[in-house]
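Only the coordinates and a few stated rules stand behind these numbers; no lab work does. Bear in mind that the values here come from a model prediction, so they are computed numbers and not experimental data. Every residue, glycine among them, receives a Cβ derived from its backbone with ideal geometry; neighbour counts consider all protein chains shown.
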Amino acid sequence: MAVGDHPDRLYDGDPQSLARWRPLENSPPSIAVWEITLRCDLGCRHCGSRAGRARRDELSTAEALDLVHQLADLGLREVTLIGGEFYMRDDWDLIAAEIVRYGMLCSVVTGARQMTDERIRRAAAAGVGKISLSIDGLEQTHDAIRGSAGSWRAAVAAARRISGSGIDLSVNTQMNRLTMPELPGVADLLVDIGARSWMVILTAAMGRAADHPKLMLQPYHLLYLFPLLAVIKRERLDPNGIAFFPGNNVGYFGPLAETLRYGADRGHVWSGCGAGVSSLGIEADGNVKGCPSLPSSDYVRGNIRERPLRDISSDLAREQAEAPVGLWGFCKTCPFAARCRGGCTWTSHVLFGRPGNNPFCHSRALALAEAGFVEKLEPVSAAPGEPFDFGRYQIVETPLGPDLETDPVIGLTLASQAFGLRPDAVGLWSRQDLSDTLDLAVTVAAGGREQRPR
Amino acid sequence: MARSVGTLFKFVIGLFAVLQGMTTLSRAEQARPEVSSSAETLTMSAFIGRVRQDAVLRERFSQNPSGVLREYGIDPSPYNLPDRLTQAQLDRLLSDWLRGAGPSGSPPPSPGAAQPSPPVVVYGPPPGRRPP
């Protein structure tokens with residue numbers, strides 16, 4: 001199929017044509033990410049929704065199909081089905097086919113533990129355009145993070161089947177302490193399995209990830225992560241025609257922004273959180289928020305069982321326009337504040353209970369390093385244990401010193417980037433490292449107060 | 001007389017330089033037994049820090065990367081290590097990434113300049129399918 005057949009739908013390398021692109025003013029959101037069930041066959045340690053069992057009152061097939069019609073009526077261009085695990089719901093392909101029948105792109109995101117040939121055939125028959133599966137590092141790391149031995153092999157086998165099926169294969173990778181040094185190996189794997197795009201996202205402190213603070217990167221790791229991503233894109237992805245999509249919490253305005261984001265050289269830079277404006281997030285019981293990652297407790301603005309989707313969407317867009325993010329801390333003083341608006345709402349909210357100050361920012365880390373400081377995050381209180389919940393963190397500034405060089409993440413990252421990883425490598429971390437990082441109990445620092453950086 | 005004094009001065013300076021070099025070498029040599037001690041185990045980060053500071057170790061590492069890593073208790077098997085490191089590999093390993101520009105201080109090329117092959121189409125129904 002040529003791009004020209006559906007110039008409004010297909011990505012032809014021009015970032016402005018991306019379905020995900022921020023819509024024009026007063027336009028509806030372009031993409032909805034829809035958790036069709038919370039049931040899951042994996043137990044991922046970083047899972048923000050703590051997926052496993054289905055929600056108590058998930059939408060029926062009739063309600064789901066009606067929601068598809070409302071999404072189309074609203075003018076959505078793409079609907080991404082996620083879980084939990086999307087295929088744990090029996091009628092997933094009915095929903096997918098209806099999305100396509102109503103003229104929207106349908107993509108699915110999967111952990112691919114049981115993404116069988118039959119399910120791939122059903123996806124193709126339903127018209128699913130893209131399958132994004134998760135690969136989080138090399139085999140041992142992926143299996144440890146995903147909580148399931150054999151999950152990496154299952155995902156890779158599924159990836160090969162998908163790329164041979166004609167459906168676009170994309171890969172999603174969580175970037176955290178364990179996966180960061182292994183990213184060059186994942187990039188090599190993308191070439192091998194025939195992936196057409198790669199989305200990377202920083203693991204944020206939500207849900208089960210909040211229970212494992214050591215799994216998260218520290219803000220100063222971005223000083224090494226961004227150059228690594230730039231090199232991977234230049235040396236591994238671009239030559240193989242693999243599109244690179246940094247997630248919304250990978251930013252902002254640093255010296256490598258143009259390299260990493262398509263169109264940044266033409267001014268198409270990050271322009272603030274698009275929750276409710278360019279995107280919608282829908283939970284399996286019909287709750288609607290502006291972005292699927294946002295904490296439910298603070299950001300659900302209605303349920304489609306109670307109000308039409310159009311009304312909820314209007315409220316979300318109005319909220320974004322009329323109640324801009326209150327910036328604080330470093331972000332308030334940043335020269336890019338007006339355009340950036342504190343970066344990813346989700347990432348900062350799950351750290352501090354409110355958005356507007358985001359320490360996961362490359363330009364911020366560089367500015368502080370230039371002044372001789374780095375920021376570290378310390379847990380203050382634990383998450384209660386609900387889907388999409390979060391705890392609290394505080395920022396601690398410390399002098400930029402030699403201790404940075406002793407950080408194991410940095411050393412392994414430098415080595416893997418300098419030498420590359422062998423195709424048969426199964427992991428850079430020892431089993432003890434994996435266990436220490438993932439089984440760590442949350443430490444509550446009594447009486448800790450958030451330090452507000454300059 | 002003046003020439004003799006000058007010659008003597010040069011001799012002293014030269015002797016000092018030689019001794020200084022020997023001292024430096026001697027220090028490096030003194031460090032080597034520790035370095036080569038199989039009892040010493042370093043993390044990769046600590047090893048990189050050591051390589052930054054120790055020219056002798058750096059040279060040994062570039063000549064035999066797998067062997068030297070093993071000496072320090074680091075498993076070389078996951079890495080795609082050649083028999084001998086190139087200068088570019090060593091520079092990349094030891095470069096100061098805090099500047100944010102990338103390895104070896106060389107900024108990645110601007111996206112506008114000499115773009116490699118553009119990304120392929122990543123959206124769309126499977127070939128042969130056309131939405132109604």
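Values for this structure:
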{"item": "Sequence ranges A:353-365, A:52-64, A:325-337, ranked by mean other-Cβ count within 10 angstrom, highest first", "result": "A:353-365, A:325-337, A:52-64"}
{"item": "Whether region A:88-212 is rounded, prolate or oblate, judged on the alpha carbon gyration tensor where a/c under 1.5 counts as rounded", "result": "prolate"}
{"item": "Shielding score for B:72-79, defined as the mean number of other chain Cβ atoms within 10 Å", "result": "5"}
{"item": "Set of aspartates and glutamates with alpha-carbon distance to A:K332 below 20 Å, sequence-local pairs under 8 removed", "result": "A:E322, A:E370, A:E375, A:E397, A:E450"}
{"item": "Gyration tensor (Cα) of region B:35-86, equivalent ellipsoid semi-axes in angstrom", "result": "15, 14, 10"}
{"item": "Overall dimensions of region A:295-371 by Cα: Rg and Dmax, Å", "result": "15.3, 53"}
{"item": "Over region A:56-95, volume per residue of the alpha carbon convex hull, in Å³", "result": "78"}
{"item": "Average beta-carbon neighbours from other chains, 10 Å sphere, peptide A:405-412", "result": "5"}
{"item": "Alpha-carbon centroid distance for the pair region A:372-418 / region A:80-117, whole angstrom", "result": "35"}
{"item": "For region A:300-454, convex hull of alpha carbons as volume per residue, Å³", "result": "205"}
{"item": "Rounded, prolate or oblate (a/c below 1.5 giving rounded, otherwise prolate when a/b exceeds b/c) for chain A by Cα gyration tensor", "result": "rounded"}
{"item": "Free-standing Cys, chain A [no other Cys Cβ under 4.7 Å]", "result": "A:C40, A:C106, A:C273, A:C291, A:C331, A:C334, A:C340, A:C344, A:C361"}
{"item": "Per-residue average of Cβ from other chains inside 10 Å of B:47-53", "result": "2"}
{"item": "Gyration tensor over alpha-carbon atoms, region A:199-291, equivalent ellipsoid semi-axes in Å", "result": "26, 19, 13"}
